[in-house]
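Presented below is the structure to which this report refers.
The values are calculated or read from the model by the stated rules, or taken from the named source; none is laboratory data. This one's a predicted model, so the numbers in the text were calculated from it and none came from an experiment. Because the Cβ atoms are built from the backbone with ideal geometry, glycine has one as well, and the counts that use them run over all protein chains shown. These accessible areas exclude ligands, DNA and RNA; they are computed on the full protein's heavy atoms, side chains included. Shrake-Rupley method; radii C 1.70, N 1.55, O 1.52, S 1.80 Å.
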Amino acid sequence: MDFLTIKNVHHTYFTKSSMTTALSDITLDVNEGEFISFLGPSGCGKTTLLSIIAGLIEPTSGTVQLENKTVKTSKNDIGYMLQQDYLFPWKTIEENILLGLKINGSLTSTTRDYSLQLLEKMGLAHVIHSSPKELSGGMRQRVALVRTLATEPKLLMLDEPFSALDFQTKLKLEDLVSTTLKNFNKTAILVTHDIGEAIAMSDRIILFSPSPGRIHKTFVIPNELKSLTPFHARNHPQYTELFQKIWKELESLDES
Amino acid sequence: MTNPDLQGLHHQYLKGLKREKRLVRFFQVLIFTSFFVLWEFASRLHWIDPLIFSSPSKVWNLFIQKSVDGSLAANIGITVTETILGFLAGTLLGTLLAAVLWWSPLLSKILDPFLVILNAMPKVALGPILIVAIGANMTSIVAMGTLVSVIITTIVVYTSFKEVDPNYLKVLYVFGATRSVCFKQAILPASFPTIISTLKVNVGLAWVGVIVGEFLTSARGLGYMIIYGFQVFDFTLVFLSLLVIAIFATLMYQLVELLERKLIKND
Ligand SMILES: Nc1ncnc2c1ncn2[C@@H]1O[C@H](COP(=O)(O)OP(=O)(O)O)[C@@H](O)[C@H]1O
Ligand SMILES: [Mg+2]
């Protein structure tokens with residue numbers, strides 16, 4: 001049985017002056033515990049697909065099911081981390097990470113302790129009473145990750161979470177996120193336009209082509225790379241090989 | 001090369017700042033006092049008609065007399081109360097209306113042209129109707145103070161509600177939030193600084209509404225003192241009221257500004 005099934009999803013945005021088909025005929029299955037990356041130039045509908053999976057927008061046609069239930073009814077099983085951290089500046093770090101639990105009514109001393117432990121694991125226990133604006137970009141993104149994980153979602157979606165960070169912070173966070181998700185055996189979808197990041201972090205890469213967005217090709221990451229942390233994977237000979245292959249594929253998309 | 005004497009330079013810089021500040025203060029006091037001195041002399045020497053323009057000494061004597069018999073304090077109390085009630089009600093009601101408009105995008109589209117008309121309308125022109133409808137009492141004066149500020153507050157606060165980054169709502173919706181949770185968690189707190197700043201504008205607007213209201217009802221308050229002084233040709237009374245209004249309006253504005261700085265710093 002598949003964990004997440006996306007079937008014939010098609011989405012068109014209507015505005016007064018235009019019609020934009022963002023996604024066309026997307027069919028995709030994701031297994032439990034799998035780490036998937038969506039790779040592709042901007043404008044090929046990656047964010048739109050995440051919003052559809054999160055149940056935030058209804059696709060023009062097609063279905064998305066999580067464990068055989070429509071995503072509308074299983075909202076609490078999905079965590080979604082946006083491109084920027086979107087921590088609420090008027091709330092403390094503690095209030096921010098407990099927000100999800102508070103909203104879905106599952107804030108108990110157990111879930112609260114769990115969230116605080118997560119924060120500690122991210123090396124941020126000391127900022128619990130701080131305000132978001134006192135934190136660096138990398139710290140804020142880690143807090144946002146804790147906020148997303150605090151509700152224990154079964155499926156985690158990350159929309160270009162590292163794109164606004166400097167390179168060093170990004171490499172560190174990749175390792176942190178990757179090991180955290182592996183430890184919890186979480187299923188995850190990562191959107192990125194960084195080929196290296198996609199190779200280093202995922203089990204499978206879905207390459208999208210633009211206008212209209214569709215699945216162009218799928219790359220399965222060899223086991224040798226999967227078993228390594230992202231940082232070490234980047235130094236593996238197979239990494240370079242795969243990088244070249246995907247690079248060429250992206251180039252060919254540009255030309256057509 | 002020798003190191004520049006930083007301590008000495010800093011000292012000089014501070015001294016320069018102090019000197020400028022003293023200069024500014026000096027001219028402010030000079031303008032203030034010469035205004036009153038000139039006014040007094042102009043009146044005594046009949047450069048201006050003392051019957052119309054009165055003089056500081058006459059205003060001062062009247063101030064003492066009205067303070068002793070307690071009538072000034074009573075009138076100040078009434079006007080200040082009405083103004084505070086008016087601007088608080090205007091801000092609260094305006095925010096509430098903005099919330100309703102945010103809640104229903106359809107309603108906001110329907111009401112849009114009416115808001116434009118009401119905003120363009122000089123609200124004090126509705127005074128007579130208000131007084132006939134509610135009665136010549138404190139309620140109708142507070143209503144005037146409210147009416148002047150409520151529409152502009154609605155528009156400003158509603159605009160601020162709409163400008164809240166939709167990604168904050170996205171975060172909340174993924175957690176399963178309803179629209180009212182979104183309002184409480186994101187829309188309202190994000191617009192808090194805007195609401196506080198309308199408070200400041202509304203203090204000034206409420207004074208306009210209240211003074212005009214007191215002109216019309218002609219019963220009590222500083223506005224009444226002005227209109228009464230005008231009718232009996234006692235311009236000393238008019239100037240006394242004007243000076244008192246200037247002082248209290250400034251005080252109230254400063255208080256709200258202080259409140260704003262406190263609240264904005266805290267969050
Ligand atoms: N709310 C919207 N209304 C109209 N068009 C949209 C909207 N959101 C996205 N689009 C369009 O849909 C396409 C896909 O956008 P998006 O999903 O954001 O792509 P990506 O995340 O891959 O960059 C783009 O052409 C974009 O302009
Ligand atoms: Mg995007």
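Computed values, structure above
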read-out: Failed condition for A:W90, given (1) open to solvent by 60 Å² or more (accessible area, probe 1.4 Å); (2) within 16 Å of ligand 1 (Cβ to nearest atom); (3) of a type outside the set (D, E); (4) touching a Pro at 6+ places or on another chain (Cβ under 9 Å); value: (2)
read-out: Given (1) surrounded by fewer than 17 Cβ atoms within 10 Å (Cβ to Cβ); (2) touching a residue at least 40 places away in the same chain (Cβ under 8 Å); (3) under 17 Å from the mean Cα position of the chain (by Cα), number of the condition B:A246 does not satisfy; value: (2)
read-out: The stretch A:201-242 - residue that is open to solvent by 20 Å² or more (accessible area, probe 1.4 Å), closer than 13 Å to A:F35 by Cβ and modelled with pLDDT of 85 or more and, of those, nearest to ligand 1 (Cβ to nearest atom); value: A:R204
read-out: Residues within the stretch A:173-194 that are within 16 Å of ligand 2 (Cβ to nearest atom) and open to solvent by 10 Å² or more (accessible area, probe 1.4 Å), tallied; value: 2
read-out: Members of the stretch A:14-58 found to be at positive phi and near ligand 1 (Cβ under 8 Å from one of its atoms), listed by number; value: A:G40, A:G43, A:G45
read-out: Members of the stretch A:57-87 that are aliphatic (A, V, I, L, M), in contact with a strand residue (DSSP E or B) (Cβ under 8 Å, 6 or more places away or on another chain) and open to solvent by less than 30 Å² (accessible area, probe 1.4 Å); value: A:V64, A:L66, A:V71, A:I78, A:M81, A:L82
read-out: Residue match in the stretch B:226-240 (condition: crowded, with 16+ Cβ neighbours inside 10 Å, under 20 Å from the mean Cα position of the chain (by Cα) and either over 26 Å from B:P50 (Cβ atoms) or among the polar types (S, T, N, Q) (or both)); value: no
read-out: Within the stretch A:195-225, considering residues that are touching a helix residue (DSSP H, G or I) at 6+ places or on another chain (Cβ under 8 Å) and of a type in the set (D, E, K, R), the one farthest from A:T169 (Cα to Cα); value: A:K217
read-out: Residues being open to solvent by 70 Å² or more (accessible area, probe 1.4 Å) and free of Cβ contacts under 8 Å to residues at least 12 places away in the same chain - total across the stretch B:106-120; value: 8
read-out: Strands (runs of 3 or more DSSP E) wholly inside the stretch A:1-56 containing at least 1 residues that are among the polar types (S, T, N, Q), surrounded by fewer than 17 Cβ atoms within 10 Å (Cβ to Cβ) and within 16 Å of ligand 2 (Cβ to nearest atom); value: A:19-30
read-out: Members of the stretch A:69-96 that are under 15 Å from A:L156 (Cβ atoms) and hydrophobic (A, V, I, L, M, F, W, C); value: A:V71, A:I78, A:M81, A:L82
read-out: Considering residues of the stretch A:144-164 that are more than 16 Å from ligand 2 (Cβ to nearest atom), over 13 Å from the mean Cα position of the chain (by Cα) and assigned to a loop (DSSP other than H, G, I, E, B) only, the residue nearest to the other protein chains (Cβ to nearest Cβ); value: A:T151
read-out: Total residues in the stretch B:189-214, condition within 14 Å of chain A (Cβ to nearest Cβ), within 30 Å of B:T139 (Cβ to Cβ) and either open to solvent by 40 Å² or more (accessible area, probe 1.4 Å) or not in a helix (DSSP H, G or I) (or both); value: 1
read-out: Checking B:H11 against (1) closer than 30 Å to B:F230 by Cα; (2) surrounded by 11 or more Cβ atoms within 10 Å (Cβ to Cβ), the condition it does not meet; value: (1)
read-out: Hits in the stretch A:102-121 - residues which are in contact with a Gly (Cβ under 7 Å, 6 or more places away or on another chain) and in a helix (DSSP H, G or I); value: A:I103
read-out: Residues that are under 16 Å from the mean Cα position of the chain (by Cα) and either free of Cβ contacts under 8 Å to residues at least 24 places away in the same chain or within 16 Å of ligand 2 (Cβ to nearest atom) (or both), drawn from the stretch A:196-218; value: A:E197, A:A198, A:I206, A:L207, A:F208
read-out: Counted residues, the stretch A:49-68 - those being within 20 Å of A:P153 (Cβ to Cβ) and within 14 Å of another protein chain (Cβ to nearest Cβ); value: 9
read-out: Search result, residues across the stretch B:159-188 that are within 9 Å of chain A (Cβ to nearest Cβ), open to solvent by less than 30 Å² (accessible area, probe 1.4 Å) and outside any loop (DSSP other than H, G, I, E, B); value: B:V171, B:L172, B:V174, B:Q185, B:A186
read-out: Contacts under 6 angstrom Cβ, first residue in the stretch A:140-160 being closer than 16 Å to A:S178 by Cβ and among the hydroxyl-bearing types (S, T, Y), partner in a strand (DSSP E or B) and more than 16 Å from ligand 1 (Cβ to nearest atom), 6 or more apart; value: A:T148/A:G79
read-out: The stretch A:127-138 - residue that is open to solvent by 40 Å² or more (accessible area, probe 1.4 Å) and within 14 Å of another protein chain (Cβ to nearest Cβ) and, of those, nearest to ligand 1 (Cβ to nearest atom); value: A:K133
read-out: Residue under evaluation A:Y80, criteria (1) in contact with a Leu (Cβ under 9 Å, 6 or more places away or on another chain); (2) assigned to a loop (DSSP other than H, G, I, E, B), criterion not met; value: (2)
read-out: Failed criterion for A:Q141 (all others in (1) out of contact with any strand residue (DSSP E or B) (no Cβ under 8 Å at 6 or more places or on another chain); (2) closer than 27 Å to B:A190 by Cβ; (3) away from every other protein chain (no Cβ under 14 Å) hold); value: (3)
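For (1) acidic (D, E); (2) closer than 27 Å to A:R204 by Cα, each residue gets a yes or a no:
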position: A:K91; (1), (2): no, no
position: A:E94; (1), (2): yes, no
position: A:L99; (1), (2): no, no
position: A:L119; (1), (2): no, no
position: A:H126; (1), (2): no, no
position: A:S130; (1), (2): no, no
position: A:K182; (1), (2): no, yes
